[in-house]
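Remarks on the structure that follows.
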Amino acid sequence: MKFLRSSIFILILLSVGYALRAQVPGIHYYMVGGSCCADDRPPLHELTTTRIGVVADLHYLSPMLVDEGEALDSFERATGRVVQDLQEVLDKVFDNLKEEKIDVLLVPGDLTNHGERQSHIDLKQKLMDFIQEGVRVFVVPGNHDINVPNARAYTGSNPTPTESITPGEFAEIYAPFGYSGALERDEASLSYLAELNDHTWLLCLDTNRYGEHTTTTITGGRIREETMDWALNILEIAKEKKVVVLGMMHHGLVEHMPYQSTFFPQYLVEGWEERADKLAGAGLKVVFTGHFHSNDVTRHLSPSNNAIYDVETASLAQYPFAYRIMELDEEQLSIETRFVASTPANPNLEEEYKEKLKRAARRVGRDRIKNLGIPIPEEALGPLVEVISNLSVMHARGDEELDEVMKGAIVAFADMLGGEADFDSFSFDFPPEDNRLVIKLDGVR
Ligand SMILES: [Fe+2]
């Protein structure tokens, strides 16, 4: 039974990750590093506040690379991404961020569907609209952005090859979004340092392996040794100058669920624990990430007792179509999460894509259980598959809590095994909260 239980847990993890790749805010504050509650915060108008938006994993595909036909139909069937839906989601999110009068927009990678030059060029135009409105934009590349050997256009009956871009071209195209105004550039990668305000810097780390691409992209990431030395040197200078440093990178810096580094190593930077310990020890307090297409915030404590928060934002290319709006002042970072539930052309966007994610998780979960040959009775398979698919959807949205549907599925599954439902075994969201929280920056300076 023990083997069976741990196998099931592993299966759930595997299935969750696969489903995420294939394709209203919470209600209370989580105070970090202090004992005060939300009501103890100083009024925002007494502090210098910077409003910051975060959008991740846009996977933008230029309208010039698609046209009605079999190539587009099969792309949409295979990925579950209807191109028109994604374009409307992006427009809606960008409109909302402009209405919200953000000062800064952060984009931690996977800007394009799969590295198409035309997608980069068109996205640049959309980002330039923010610059026109006085919003500063900062980007870093993701694994789907540079040197993509199999970038494709979807017109006619078959996909056709289309040009990607080099690392140098990335820095040129996105010059207005971090590269041209950088305080420092790393010589070993597309990492750079930007000034957010008088007392805050943004350390943007390029964690990708585009130099090694041959026939397709490499999902995994790492922080090169030279880049690490460069970053640690900056953190040392920041400490001397009493400047707060926030980070941004595509890959996760710390684990977002138990055993993530074992089962999904390609979603974290190589040697994540050593990297996280060193960066936290040097004073990096928060890092904004994407890549895993989920909303999750995880706190990691270094041996030197320094905490770092990996604020991972879900994708705008699949359920739950989430983005962040944050307020940064001298004392804290307040984070809220918004979700797109509908678009003009698709009033059922949220339900439709939630179901797509569930279906993908069901299919993969069922296949894996069968392929691994785990001895689960046929009548237990259905309930287990339901547990897996529900967990996938909940993890993507963040702040996973067992709802009645989920509890019902677990009870049904436990019944089949002849045991009692143990809800704790199915909880795997590390603290703090994921969608609405406050990170205290005390102790940084
Ligand atoms: Fe990615």
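The values are calculated or read from the model by the stated rules, or taken from the named source; none is laboratory data. The model shown is predicted, which means the values in this text are computed figures rather than measured ones. Reconstructed Cβ throughout: ideal geometry from the backbone, glycine too, with neighbour counts over all protein chains shown.
List of remarks:
- Top-ranked residue of segment 122-155 - restricted to ones that are away from the ligand (no atom under 16 Å from the Cβ) and part of a strand (DSSP E or B), ranked as nearest to the chain's Cα centre (by Cα): Phe138
- Condition check for Leu193 on (1) more than 16 Å from the ligand (Cβ to nearest atom); (2) within 23 Å of the chain's Cα centre (by Cα); (3) within 21 Å of Leu316 (Cβ to Cβ); (4) buried (at least 17 other Cβ atoms within 10 Å of the Cβ): one failure, at (3).
- Note on segment 206-218: residues that are under 17 Å from Leu190 (Cα atoms) and more than 14 Å from the ligand (Cβ to nearest atom) total 2.
- All conditions in (1) assigned to a loop (DSSP other than H, G, I, E, B); (2) farther than 17 Å from Met248 by Cα; (3) small (Gly, Ala, Ser) hold for Gly283, with the sole exception of (2).
- Cross-chain or 6+ apart pairs with Cβ under 6 Å, segment 90-116 first and over 20 Å from Leu328 (Cβ atoms), then within 16 Å of the ligand (Cβ to nearest atom) and of a type in the set (Val, Ile, Thr): Gly109/Val140; His114/Val148; Gly115/Val148
- Test: residue in segment 166-175 that is away from the ligand (no atom under 16 Å from the Cβ) and crowded, with 22+ Cβ neighbours inside 10 Å: yes
- Asn113 being surrounded by fewer than 21 Cβ atoms within 10 Å (Cβ to Cβ), at pLDDT 95 or above and either away from the ligand (no atom under 16 Å from the Cβ) or not β-branched (Val, Ile, Thr) (or both): no
- Some residue of segment 86-94 being within 16 Å of the ligand (Cβ to nearest atom) and not aliphatic (A, V, I, L, M): no
- Within segment 212-229, residues that are part of a helix (DSSP H, G or I) reach partners that are of a type outside the set (Lys, Arg) and within 15 Å of the ligand (Cβ to nearest atom) with beta carbons closer than 7 Å, at six or more positions or on different chains, in the pairs Glu212/Ile218; Thr227/Leu205.
- Taken over segment 286-295, the criterion of being more than 14 Å from Ile439 (Cα to Cα) and part of a strand (DSSP E or B) is satisfied by Thr289 alone.
- Matching residues in segment 367-402 - criterion: being under 20 Å from Ser315 (Cα atoms) and either part of a loop (DSSP other than H, G, I, E, B) or not hydrophobic (A, V, I, L, M, F, W, C) (or both): Ser389, Asn390, Ser392, His395, Arg397, Gly398, Asp399, Glu400
- Screening Arg368 with (1) more than 16 Å from the ligand (Cβ to nearest atom); (2) out of contact with any strand residue (DSSP E or B) (no Cβ under 7 Å at 6 or more places or on another chain); (3) at pLDDT 95 or above gives one miss only, at (3).
- Test: residue in segment 199-212 that is polar (S, T, N, Q), within 24 Å of Asp110 (Cβ to Cβ) and over 20 Å from the mean Cα position of the chain (by Cα): no
- Residue check, Lys285 away from the ligand (no atom under 16 Å from the Cβ), within 30 Å of Asp329 (Cβ to Cβ) and more than 20 Å from the chain's Cα centre (by Cα): no
- Count of residues meeting criterion [of a type in the set (Asp, Glu) and within 15 Å of the ligand (Cβ to nearest atom)] in segment 311-333: 1
- Residues in segment 219-265 that are at pLDDT below 95 and within 16 Å of the ligand (Cβ to nearest atom): His256, Gln260, Phe264, Pro265.
- Selection within segment 196-211 - in a loop (DSSP other than H, G, I, E, B), buried (at least 22 other Cβ atoms within 10 Å of the Cβ) and out of contact with any Gly (no Cβ under 8 Å at 6 or more places or on another chain): Asp206
- Within segment 311-328, being in contact with a His (Cβ under 7 Å, 6 or more places away or on another chain) and either of a type in the set (Asp, Glu) or more than 23 Å from Tyr353 (Cα to Cα) (or both) holds for one residue alone: Glu312.
- Single residue of segment 53-79 satisfying the filter (in a loop (DSSP other than H, G, I, E, B) and more than 16 Å from the ligand (Cβ to nearest atom)) that is surrounded by the fewest Cβ atoms within 10 Å (Cβ to Cβ): Glu68
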